[in-house]
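Here the structure comes first, spelled out in C-alpha coordinates, and everything after it is commentary.
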Amino acid sequence: MPALQGSKNYRHLTVAGLDMASSPKNRGICVIEALVRPPCNVIHCGALVLGSGATDEDVLSLFSTVDVVGVDIPLAWPLAFLSLLCGGAEPSLPLADRQLPSLESLRFRIADLYVKTITGRYPLSVSSDLVAVPALKMRLLLWRMEPEARKKALEVYPAASLARWGLPNRGYKGSRGASVREEIAGAIVSATGHKLTLTTEQEASLVRDHNVLDSFVCALTALAQIYGLCDAPNEAGFHSVPPEEGWIWVPDRDSLSRLFGWEEHRAGTGAPKPPARRQRAQGSSKTSGAIPPERA
(Lines give C-alpha, C1' and ligand atoms only; values in the text may rest on other atoms or scores of the structure.)
Protein backbone atom coordinates (compact mmCIF):
# COMPACT_ATOMS: atom_id res chain seq x y z
CA MET A 1 0.00 0.00 0.00
CA PRO A 2 1.19 3.58 -0.60
CA ALA A 3 2.62 5.82 2.13
CA LEU A 4 -0.76 7.56 2.51
CA GLN A 5 -1.91 4.58 4.54
CA GLY A 6 -1.01 6.28 7.81
CA SER A 7 -2.82 9.56 7.08
CA LYS A 8 -5.81 10.36 9.28
CA ASN A 9 -7.61 11.60 6.16
CA TYR A 10 -7.73 8.13 4.63
CA ARG A 11 -9.48 4.96 5.72
CA HIS A 12 -7.77 1.61 5.49
CA LEU A 13 -10.20 -1.27 4.94
CA THR A 14 -9.85 -5.00 4.53
CA VAL A 15 -12.86 -6.67 2.93
CA ALA A 16 -13.37 -10.30 2.00
CA GLY A 17 -15.50 -12.44 -0.24
CA LEU A 18 -16.43 -16.06 0.41
CA ASP A 19 -18.00 -18.34 -2.17
CA MET A 20 -19.30 -20.87 0.33
CA ALA A 21 -19.53 -24.60 -0.37
CA SER A 22 -19.78 -27.72 1.75
CA SER A 23 -16.39 -28.96 0.61
CA PRO A 24 -13.40 -26.69 1.25
CA LYS A 25 -11.94 -27.48 -2.18
CA ASN A 26 -14.93 -25.75 -3.79
CA ARG A 27 -14.80 -22.62 -1.63
CA GLY A 28 -13.48 -19.47 -3.24
CA ILE A 29 -11.92 -16.87 -0.98
CA CYS A 30 -10.79 -13.32 -1.64
CA VAL A 31 -9.33 -10.70 0.69
CA ILE A 32 -8.90 -7.15 -0.63
CA GLU A 33 -7.02 -4.37 1.13
CA ALA A 34 -8.16 -0.87 0.17
CA LEU A 35 -7.08 2.68 0.94
CA VAL A 36 -10.10 4.96 0.70
CA ARG A 37 -10.31 8.74 0.63
CA PRO A 38 -13.60 10.22 1.95
CA PRO A 39 -16.33 10.09 0.97
CA CYS A 40 -15.77 6.89 -1.02
CA ASN A 41 -12.88 7.29 -3.45
CA VAL A 42 -10.64 4.23 -3.47
CA ILE A 43 -7.05 5.39 -3.96
CA HIS A 44 -5.53 1.97 -4.27
CA CYS A 45 -6.41 -1.62 -3.48
CA GLY A 46 -4.96 -5.06 -3.98
CA ALA A 47 -5.83 -8.67 -3.31
CA LEU A 48 -4.01 -10.15 -0.34
CA VAL A 49 -5.64 -13.54 -0.86
CA LEU A 50 -7.34 -14.88 -3.97
CA GLY A 51 -7.80 -18.59 -4.35
CA SER A 52 -9.76 -21.66 -3.30
CA GLY A 53 -9.59 -24.40 -0.70
CA ALA A 54 -10.62 -22.47 2.42
CA THR A 55 -11.02 -24.79 5.42
CA ASP A 56 -13.45 -24.20 8.26
CA GLU A 57 -10.61 -22.78 10.34
CA ASP A 58 -9.67 -20.46 7.45
CA VAL A 59 -13.24 -19.13 7.40
CA LEU A 60 -13.24 -18.56 11.15
CA SER A 61 -9.91 -16.76 10.92
CA LEU A 62 -11.18 -14.67 8.02
CA PHE A 63 -14.07 -13.28 10.04
CA SER A 64 -11.76 -12.39 12.91
CA THR A 65 -9.31 -10.39 10.79
CA VAL A 66 -11.30 -8.38 8.20
CA ASP A 67 -13.84 -5.55 8.38
CA VAL A 68 -16.65 -7.21 6.43
CA VAL A 69 -17.27 -10.42 4.46
CA GLY A 70 -19.55 -10.77 1.46
CA VAL A 71 -20.84 -14.35 1.57
CA ASP A 72 -22.32 -16.14 -1.43
CA ILE A 73 -24.74 -18.41 0.43
CA PRO A 74 -28.18 -17.88 1.95
CA LEU A 75 -27.83 -16.77 5.56
CA ALA A 76 -31.50 -17.17 6.47
CA TRP A 77 -34.57 -19.19 5.54
CA PRO A 78 -38.05 -18.15 4.30
CA LEU A 79 -40.24 -17.06 7.20
CA ALA A 80 -43.16 -19.17 5.94
CA PHE A 81 -40.88 -22.21 5.84
CA LEU A 82 -39.72 -21.63 9.43
CA SER A 83 -43.30 -21.13 10.54
CA LEU A 84 -44.39 -24.36 8.86
CA LEU A 85 -41.64 -26.33 10.60
CA CYS A 86 -42.62 -24.84 13.96
CA GLY A 87 -46.32 -25.57 13.44
CA GLY A 88 -47.29 -21.99 12.68
CA ALA A 89 -48.95 -23.01 9.41
CA GLU A 90 -51.52 -25.10 11.30
CA PRO A 91 -53.65 -22.55 13.15
CA SER A 92 -56.54 -23.62 15.34
CA LEU A 93 -59.09 -22.74 12.69
CA PRO A 94 -61.56 -24.92 10.82
CA LEU A 95 -59.91 -26.53 7.84
CA ALA A 96 -62.06 -24.57 5.41
CA ASP A 97 -60.87 -21.27 6.92
CA ARG A 98 -57.15 -22.00 6.91
CA GLN A 99 -54.92 -20.11 4.53
CA LEU A 100 -51.97 -22.34 3.87
CA PRO A 101 -48.71 -20.79 2.65
CA SER A 102 -47.96 -20.98 -1.04
CA LEU A 103 -45.20 -23.25 -2.30
CA GLU A 104 -43.34 -20.15 -3.52
CA SER A 105 -43.37 -18.56 -0.06
CA LEU A 106 -41.98 -21.78 1.41
CA ARG A 107 -39.15 -21.89 -1.12
CA PHE A 108 -38.16 -18.24 -1.54
CA ARG A 109 -37.56 -15.21 0.65
CA ILE A 110 -38.45 -11.64 -0.24
CA ALA A 111 -34.75 -11.10 -0.96
CA ASP A 112 -34.90 -13.92 -3.52
CA LEU A 113 -37.83 -12.20 -5.25
CA TYR A 114 -35.73 -9.03 -5.36
CA VAL A 115 -32.85 -10.86 -7.03
CA LYS A 116 -35.27 -12.29 -9.58
CA THR A 117 -36.20 -8.75 -10.65
CA ILE A 118 -32.52 -8.13 -11.43
CA THR A 119 -31.39 -11.41 -12.99
CA GLY A 120 -34.67 -12.74 -14.36
CA ARG A 121 -34.37 -15.93 -12.32
CA TYR A 122 -34.57 -17.07 -8.73
CA PRO A 123 -31.44 -17.92 -6.76
CA LEU A 124 -31.29 -21.52 -5.58
CA SER A 125 -33.83 -22.13 -2.84
CA VAL A 126 -32.26 -22.53 0.60
CA SER A 127 -35.23 -24.61 1.79
CA SER A 128 -35.62 -26.95 -1.17
CA ASP A 129 -32.38 -27.16 -3.17
CA LEU A 130 -28.82 -28.44 -2.79
CA VAL A 131 -27.68 -25.03 -1.57
CA ALA A 132 -29.34 -25.89 1.77
CA VAL A 133 -26.38 -28.06 2.79
CA PRO A 134 -23.65 -25.38 2.49
CA ALA A 135 -26.09 -22.89 4.04
CA LEU A 136 -26.40 -25.12 7.09
CA LYS A 137 -22.62 -25.46 7.15
CA MET A 138 -22.25 -21.68 7.07
CA ARG A 139 -24.75 -21.29 9.92
CA LEU A 140 -22.75 -23.78 12.00
CA LEU A 141 -19.58 -21.79 11.36
CA LEU A 142 -21.34 -18.57 12.35
CA TRP A 143 -22.42 -20.19 15.59
CA ARG A 144 -18.75 -20.86 16.34
CA MET A 145 -17.92 -17.15 16.06
CA GLU A 146 -18.14 -14.31 18.55
CA PRO A 147 -21.21 -12.08 18.03
CA GLU A 148 -19.12 -9.21 16.66
CA ALA A 149 -17.57 -11.48 14.04
CA ARG A 150 -20.98 -12.76 12.93
CA LYS A 151 -22.13 -9.22 12.24
CA LYS A 152 -19.44 -8.87 9.57
CA ALA A 153 -21.28 -11.26 7.23
CA LEU A 154 -23.30 -9.80 4.36
CA GLU A 155 -25.27 -12.06 2.09
CA VAL A 156 -24.48 -11.28 -1.54
CA TYR A 157 -25.20 -12.96 -4.87
CA PRO A 158 -22.47 -12.67 -7.52
CA ALA A 159 -24.80 -13.21 -10.48
CA ALA A 160 -26.94 -10.27 -9.38
CA SER A 161 -23.86 -8.07 -8.83
CA LEU A 162 -22.61 -8.92 -12.31
CA ALA A 163 -26.02 -8.22 -13.82
CA ARG A 164 -26.14 -4.82 -12.12
CA TRP A 165 -22.68 -3.98 -13.47
CA GLY A 166 -23.83 -4.88 -16.98
CA LEU A 167 -21.55 -7.93 -17.16
CA PRO A 168 -22.32 -11.53 -18.19
CA ASN A 169 -24.01 -13.36 -15.32
CA ARG A 170 -24.67 -16.70 -17.01
CA GLY A 171 -22.44 -19.19 -18.72
CA TYR A 172 -19.31 -18.30 -16.75
CA LYS A 173 -19.13 -21.44 -14.62
CA GLY A 174 -17.34 -24.69 -15.30
CA SER A 175 -14.67 -25.53 -17.86
CA ARG A 176 -16.70 -24.06 -20.72
CA GLY A 177 -16.99 -20.68 -19.06
CA ALA A 178 -13.29 -19.73 -19.00
CA SER A 179 -13.55 -17.20 -21.82
CA VAL A 180 -16.55 -15.55 -20.15
CA ARG A 181 -14.69 -15.42 -16.83
CA GLU A 182 -11.76 -13.77 -18.58
CA GLU A 183 -14.12 -11.16 -20.03
CA ILE A 184 -15.69 -10.50 -16.62
CA ALA A 185 -12.37 -10.23 -14.76
CA GLY A 186 -10.91 -7.91 -17.37
CA ALA A 187 -13.98 -5.68 -17.35
CA ILE A 188 -13.96 -5.36 -13.55
CA VAL A 189 -10.26 -4.47 -13.37
CA SER A 190 -10.77 -1.95 -16.16
CA ALA A 191 -13.79 -0.48 -14.36
CA THR A 192 -11.60 0.23 -11.33
CA GLY A 193 -9.36 2.45 -13.45
CA HIS A 194 -6.67 -0.16 -12.77
CA LYS A 195 -6.47 1.04 -9.17
CA LEU A 196 -7.01 -2.58 -8.20
CA THR A 197 -3.78 -4.50 -8.63
CA LEU A 198 -3.56 -8.25 -9.05
CA THR A 199 -0.60 -10.53 -9.58
CA THR A 200 -0.36 -12.59 -12.74
CA GLU A 201 -1.26 -15.71 -10.77
CA GLN A 202 -4.28 -14.01 -9.21
CA GLU A 203 -5.54 -12.93 -12.61
CA ALA A 204 -5.10 -16.50 -13.83
CA SER A 205 -7.02 -17.88 -10.85
CA LEU A 206 -10.04 -15.71 -11.72
CA VAL A 207 -10.16 -17.32 -15.16
CA ARG A 208 -9.32 -20.81 -13.95
CA ASP A 209 -11.92 -21.17 -11.19
CA HIS A 210 -15.42 -19.71 -11.11
CA ASN A 211 -15.49 -20.11 -7.32
CA VAL A 212 -12.56 -17.70 -7.07
CA LEU A 213 -14.21 -15.23 -9.44
CA ASP A 214 -17.39 -15.36 -7.38
CA SER A 215 -15.45 -14.62 -4.19
CA PHE A 216 -13.81 -11.65 -5.94
CA VAL A 217 -17.22 -10.25 -6.88
CA CYS A 218 -18.43 -10.89 -3.32
CA ALA A 219 -15.57 -8.83 -1.87
CA LEU A 220 -16.17 -5.88 -4.20
CA THR A 221 -19.90 -6.00 -3.43
CA ALA A 222 -19.12 -5.90 0.29
CA LEU A 223 -16.92 -2.86 -0.28
CA ALA A 224 -19.78 -1.16 -2.12
CA GLN A 225 -22.19 -1.90 0.72
CA ILE A 226 -19.90 -0.30 3.30
CA TYR A 227 -20.29 3.00 1.42
CA GLY A 228 -24.03 2.76 0.89
CA LEU A 229 -23.77 1.76 -2.77
CA CYS A 230 -26.11 -1.23 -2.48
CA ASP A 231 -29.90 -1.20 -2.36
CA ALA A 232 -31.43 -1.45 1.09
CA PRO A 233 -34.88 -3.16 1.12
CA ASN A 234 -36.90 0.08 1.07
CA GLU A 235 -34.74 1.47 -1.76
CA ALA A 236 -35.44 -1.70 -3.74
CA GLY A 237 -39.18 -1.27 -3.25
CA PHE A 238 -39.56 -3.93 -0.55
CA HIS A 239 -40.81 -2.23 2.60
CA SER A 240 -41.77 -5.22 4.77
CA VAL A 241 -38.81 -7.56 4.86
CA PRO A 242 -38.89 -9.82 7.96
CA PRO A 243 -35.59 -9.50 9.86
CA GLU A 244 -35.56 -13.30 10.12
CA GLU A 245 -35.17 -13.55 6.34
CA GLY A 246 -32.22 -11.20 6.01
CA TRP A 247 -31.36 -9.41 2.77
CA ILE A 248 -29.21 -9.91 -0.33
CA TRP A 249 -27.00 -6.88 -1.01
CA VAL A 250 -26.77 -5.93 -4.68
CA PRO A 251 -24.54 -3.02 -5.78
CA ASP A 252 -25.73 0.02 -7.69
CA ARG A 253 -25.09 0.05 -11.43
CA ASP A 254 -22.43 2.74 -11.10
CA SER A 255 -20.93 1.54 -7.80
CA LEU A 256 -17.55 0.60 -9.30
CA SER A 257 -17.13 3.93 -11.06
CA ARG A 258 -18.20 5.80 -7.92
CA LEU A 259 -15.82 3.83 -5.72
CA PHE A 260 -12.85 3.94 -8.03
CA GLY A 261 -13.54 7.18 -9.89
CA TRP A 262 -13.25 5.37 -13.21
CA GLU A 263 -15.26 7.92 -15.24
CA GLU A 264 -13.31 10.82 -13.73
CA HIS A 265 -10.09 8.84 -14.13
CA ARG A 266 -10.67 8.52 -17.85
CA ALA A 267 -11.73 12.16 -18.24
CA GLY A 268 -8.91 13.45 -16.03
CA THR A 269 -11.30 15.46 -13.87
CA GLY A 270 -10.13 14.32 -10.46
CA ALA A 271 -11.99 12.58 -7.65
CA PRO A 272 -15.63 11.50 -8.05
CA LYS A 273 -18.49 13.44 -6.54
CA PRO A 274 -19.84 12.24 -3.18
CA PRO A 275 -22.64 9.68 -3.42
CA ALA A 276 -26.08 11.26 -3.58
CA ARG A 277 -27.40 8.64 -1.18
CA ARG A 278 -26.69 8.91 2.54
CA GLN A 279 -23.86 6.56 3.40
CA ARG A 280 -24.85 3.52 5.43
CA ALA A 281 -22.36 2.18 7.87
CA GLN A 282 -22.01 -1.58 7.78
CA GLY A 283 -24.49 -3.17 10.15
CA SER A 284 -26.72 -0.07 10.40
CA SER A 285 -29.70 -1.72 8.71
CA LYS A 286 -31.78 -4.16 10.67
CA THR A 287 -31.36 -6.67 7.86
CA SER A 288 -27.67 -6.14 7.14
CA GLY A 289 -26.17 -8.73 9.47
CA ALA A 290 -25.72 -12.43 8.98
CA ILE A 291 -27.85 -13.43 11.95
CA PRO A 292 -31.22 -11.82 12.71
CA PRO A 293 -30.84 -9.50 15.74
CA GLU A 294 -32.86 -11.71 18.06
CA ARG A 295 -30.77 -14.74 17.08
CA ALA A 296 -27.31 -13.18 17.18
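The values are calculated or read from the model by the stated rules, or taken from the named source; none is laboratory data. Model, not experiment: these values are computed from the prediction. Methodologically, a virtual Cβ is constructed for each residue, glycine included, from the backbone with ideal geometry; neighbour enumeration extends over all protein chains shown. In case anyone asks, the SASA skips ligands and DNA or RNA and just uses the protein heavy atoms, side chains included. Shrake-Rupley method; radii C 1.70, N 1.55, O 1.52, S 1.80 Å.
Figure legend. Inter-residue proximity from region 27-55: first residues under 13 Å from ILE226 (Cα atoms) and in contact (Cβ under 8 Å) with a residue 40 or more places away in the chain, second residues in a loop (DSSP other than H, G, I, E, B) and of a type in the set (A, V, I, L, M), beta-carbon distance below 8 Å, spacing 6+ or different chains. Indicated pairs: CYS40/LEU229; ASN41/ALA271.
Applying the criterion of being at pLDDT below 75 and part of a loop (DSSP other than H, G, I, E, B) to the residues of region 96-113, the residue that is nearest to GLU244 (Cα to Cα) is LEU100.
Scanning region 44-56 for residues that are under 18 Å from LEU142 (Cβ atoms) and either out of contact with any helix residue (DSSP H, G or I) (no Cβ under 8 Å at 6 or more places or on another chain) or open to solvent by less than 50 Å² (accessible area, probe 1.4 Å) (or both) yields a total of 2.
Would you check if LEU93 is open to solvent by 40 Å² or more (accessible area, probe 1.4 Å), at pLDDT below 95 and either part of a helix (DSSP H, G or I) or closer than 23 Å to GLU155 by Cβ (or both)? No, not satisfied. Being outside any loop (DSSP other than H, G, I, E, B) and open to solvent by less than 60 Å² (accessible area, probe 1.4 Å) is the filter here; which residues of region 114-132 pass it? TYR114, VAL115, ILE118, THR119, ALA132 - these are the residues of region 114-132 that are outside any loop (DSSP other than H, G, I, E, B) and open to solvent by less than 60 Å² (accessible area, probe 1.4 Å). Here region 12-43 is the region considered, the condition is being surrounded by fewer than 20 Cβ atoms within 10 Å (Cβ to Cβ) and among the charged types (D, E, K, R), and the residue that is nearest to LYS151 (Cα to Cα) is GLU33. Among the residues making up region 60-84, a single one is within 21 Å of ALA219 (Cβ to Cβ) and without any contact (Cβ under 8 Å) to a residue 24 or more places away in the chain: SER61. For first residues located in region 130-144 and at negative phi, partners that are surrounded by 18 or more Cβ atoms within 10 Å (Cβ to Cβ) and at pLDDT below 95 and lie 6+ apart or on another chain with Cβ distances below 6 Å form the pairs LEU142/ALA290.
Close Cβ contacts (under 6 Å, 6 or more residues apart or on different chains) running from residues in region 207-230 that are within 14 Å of ASP72 (Cβ to Cβ) and open to solvent by 10 Å² or more (accessible area, probe 1.4 Å) to residues that are assigned to a helix (DSSP H, G or I) and at pLDDT 95 or above comprise ASN211/ASN26. Restrict the check to region 57-71 and report whether at least one residue is open to solvent by less than 60 Å² (accessible area, probe 1.4 Å), among the charged types (D, E, K, R), farther than 30 Å from SER102 by Cβ and in a helix (DSSP H, G or I). No: region 57-71 contains no residue that is open to solvent by less than 60 Å² (accessible area, probe 1.4 Å), among the charged types (D, E, K, R), farther than 30 Å from SER102 by Cβ and in a helix (DSSP H, G or I). State whether one or more residues within region 138-145 are at pLDDT below 95, in a helix (DSSP H, G or I) and open to solvent by 20 Å² or more (accessible area, probe 1.4 Å). No; the residues of region 138-145 include none that is at pLDDT below 95, in a helix (DSSP H, G or I) and open to solvent by 20 Å² or more (accessible area, probe 1.4 Å). Checking each residue of region 165-177 against the condition of being more than 22 Å from GLY53 (Cα to Cα), open to solvent by 20 Å² or more (accessible area, probe 1.4 Å) and part of a helix (DSSP H, G or I) gives no match.
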